[in-house]
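Just below is one structure, and these are the notes that go with it.
The values are calculated or read from the model by the stated rules, or taken from the named source; none is laboratory data. Predicted model, so just to flag it, every value in this text is computed and none were measured. Cβ: placed from backbone, ideal geometry, glycine included. Neighbour counts: every protein chain shown.
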Amino acid sequence: MFIDKAAKYNVKWLILFHDENVFANFWGNKLKNHEALMFGLKNCHREIFDLLKGKRFHYIDIPVHNNIGDLLILQGAMKFFCDFRLSPITISSARCFKPEWVKESDVLVFHGGGNFGDIYEDIDGLREGIMRRFKKNRIVMMPQTIFFNRLENKIRSAGAWRECMDFHLFVRDQVSYDAAKLFSDHIYLVPDMAHHLYPFKRKGKVNSSSLRIQRVDAEKRKTPGALKGMKIDETTDWIDVVGFRNKWIRFTWILESFAIRYNIDWMLRMVGPLIWMPISKYLSKQAVKTFSNHGHVITDRLHGHILACLMDIPNTVIDNSYGKNSTYMKEWTIDSEIVSLIGED
C-alpha cells in the first residue's frame, strides 16, 4: 500500500510555526493561517501526476448535473491537469465514453467525489462496467469518499475492483482509507481536487449576513439544536443556485443523447470539453456569487464548506448522514481558524 501524508503534516507545520507577530490585526493572523493551510492542500496530489506523466489518459465520468460540489471537483481537476501540464486524450461523461477510444497502454481516470458505494448505485455500476472491459489497463480513481450501507454490496464491489491489475484508489479521509484496503493495494490519502481552485476571489462587499446551504437529498440530516436559534438570512441548496440555468444541463443531455443514438464519434468527444466545460464553470460561478453576498456560511454539504474555505469565508459545518463532512474536516481543514464543526445533539 502507498500513502504519503507528509504534505498534510507540512501544512500543519506551516500553521504551527507561522510568524503571527508580522500581522497586527488578529483576524489578519487567522486569515494568513487559513491561507497557509489552503495553499498546502493544493500540493498534496503529486502521486496522481506520477501515475499519469508521459501517459495517454482518458478522463471519464465527468458530472453533467446540478450538483455544484461535483462541478467544483471537475474544475479543480482540470486546474490540476493544467498546472501539471497533463492533457487528457478524451473528456467525457460515463455514458458518452466509447471503449474504442482506449489503446492497450492507455490510463483510465475516473472523476472523484462522494459517490463510491451503494448510495449512488447507478454511478458505481457505470464505472464498474467500464472497468471490467479494461482490467489490464491502469485505472486511477480520483479522490473519493467510500460508503456502503450494506456489507454484501461492499464485498461484491471490492471483488470486482480487485480484478483490475493496476487500480490506484485515492480517498479523502481515514475512514475511506481503511475501507479502501479491500479494493486495492494501491491506496492514497489526499484532499479533494477542488482545493486546486484556491483562492476564489469574492464578488462585491463583505457583510455580516449568514447563508445556509442545506441538503435536500439522501444525505440530509436534521438541524442540530445549536443552530436553531441562529439568525439565517438566506437558505438554499445547489439546485436553487442553479435555478433556471438548469436548461443548459438539459441542453447538454440532449446533445449527449443525440450523439449516442447516432454514434457520432466526434460529437461524443467534443460535448464534454467544448460544451459542458464552459457551462459547468458558469454554474460554479453562480455559487461563488451567492456565497459572496454573505459573511458566514452554515452548511451540511462538504463542498459548501470547501467553497467557503476557497473564498476565505468563515463557515460552520453540520455533518451529513454518514459522517463524510466530519471525517474530511478532521483530516484536512479543522486546523483553520475560520471553520467550525457542529456534532449531533
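Arg127 - would you say it is surrounded by fewer than 21 Cβ atoms within 10 Å (Cβ to Cβ), in contact (Cβ under 8 Å) with a residue 12 or more places away in the chain and among the basic types (Lys, Arg)?
So Arg127 does not fit the description; no.
For every residue, the table says whether it meets (1) out of contact with any helix residue (DSSP H, G or I) (no Cβ under 6 Å at 6 or more places or on another chain); (2) on the phi < 0 side of the Ramachandran plot; (3) among the aromatic types (Phe, Trp, Tyr); (4) modelled with pLDDT under 95.
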| residue | (1), (2), (3), (4) |
| --- | --- |
| Asp300 | yes, yes, no, yes |
| Ala308 | yes, yes, no, no |
| Asn315 | no, yes, no, no |
| Asn325 | no, yes, no, yes |
| Met329 | yes, yes, no, no |
Output the residue which, of all residues in the range 290-334 that are charged (D, E, K, R) and closer than 20 Å to Val171 by Cβ, is surrounded by the most Cβ atoms within 10 Å (Cβ to Cβ).
-> Arg301
Can you tell me which residues in the range 173-191 are farther than 23 Å from Lys42 by Cα and in contact (Cβ under 8 Å) with a residue 60 or more places away in the chain?
-> Lys181, Asp185
Would you pick out the residues in the range 134-162 that are of a type in the set (Lys, Arg) and out of contact with any Gly (no Cβ under 8 Å at 6 or more places or on another chain)?
-> Lys135, Lys136, Arg138, Arg150, Arg156, Arg162
In the range 273-292, which residues are farther than 15 Å from Ile239 by Cα and touching a strand residue (DSSP E or B) at 6+ places or on another chain (Cβ under 9 Å)?
-> Pro273, Trp276, Met277
The lone condition Ile139 fails out of (1) surrounded by fewer than 22 Cβ atoms within 10 Å (Cβ to Cβ); (2) within 19 Å of the chain's Cα centre (by Cα) is (1)
Residues that are of a type outside the set (Lys, Arg), within 25 Å of the chain's Cα centre (by Cα) and buried (at least 18 other Cβ atoms within 10 Å of the Cβ), drawn from the range 256-289 | Glu256, Leu268, Met270, Val271, Gly272, Trp276, Ser280, Leu283, Ser284, Ala287, Val288
Spot the failing condition for Gln174; the list is (1) surrounded by fewer than 19 Cβ atoms within 10 Å (Cβ to Cβ); (2) farther than 20 Å from Met329 by Cα, and only one is missed.
-> (2)
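Condition check ((1) touching a strand residue (DSSP E or B) at 6+ places or on another chain (Cβ under 9 Å); (2) under 30 Å from Ile139 (Cα atoms)) across all residues:
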{"position": "Val190", "(1), (2)": "yes, yes"}
{"position": "Thr236", "(1), (2)": "yes, no"}
{"position": "Phe244", "(1), (2)": "no, no"}
{"position": "Trp253", "(1), (2)": "no, yes"}
{"position": "Ser257", "(1), (2)": "no, yes"}
{"position": "Tyr262", "(1), (2)": "no, yes"}
Scan the range 19-56 for residues that are more than 30 Å from Leu86 (Cα to Cα) and either part of a helix (DSSP H, G or I) or modelled with pLDDT of 95 or more (or both) and report the count.
-> 11
Considering only helices (runs of 4 or more DSSP H) wholly within the range 179-295, the ones with at least 3 residues that are under 30 Å from Tyr328 (Cα atoms) are 238-242, 277-292
Residues of the range 57-106 being more than 12 Å from the chain's Cα centre (by Cα), small (Gly, Ala, Ser) and buried (at least 21 other Cβ atoms within 10 Å of the Cβ), in sequence order, are Ser92, Ser93
Considering only residues that are farther than 21 Å from Ala77 by Cα and either over 21 Å from the mean Cα position of the chain (by Cα) or among the aliphatic types (A, V, I, L, M) (or both), look in the range 107-136 and name the one that is modelled with the lowest pLDDT.
-> Ile119
Residue tally, condition among the hydrophobic types (A, V, I, L, M, F, W, C), touching a Phe, Trp or Tyr at 6+ places or on another chain (Cβ under 6 Å) and without any contact (Cβ under 8 Å) to a residue 40 or more places away in the chain, over the range 130-164 = 5
For the range 329-345, does any single residue satisfy the condition of being of a type in the set (Lys, Arg), more than 19 Å from Thr145 (Cβ to Cβ), out of contact with any Pro (no Cβ under 6 Å at 6 or more places or on another chain) and touching a residue at least 24 places away in the same chain (Cβ under 8 Å)?
-> no
Given (1) in contact (Cβ under 8 Å) with a residue 40 or more places away in the chain; (2) buried (at least 21 other Cβ atoms within 10 Å of the Cβ); (3) among the small types (Gly, Ala, Ser); (4) in contact with a strand residue (DSSP E or B) (Cβ under 7 Å, 6 or more places away or on another chain), index of the condition Ser210 fails | (2)
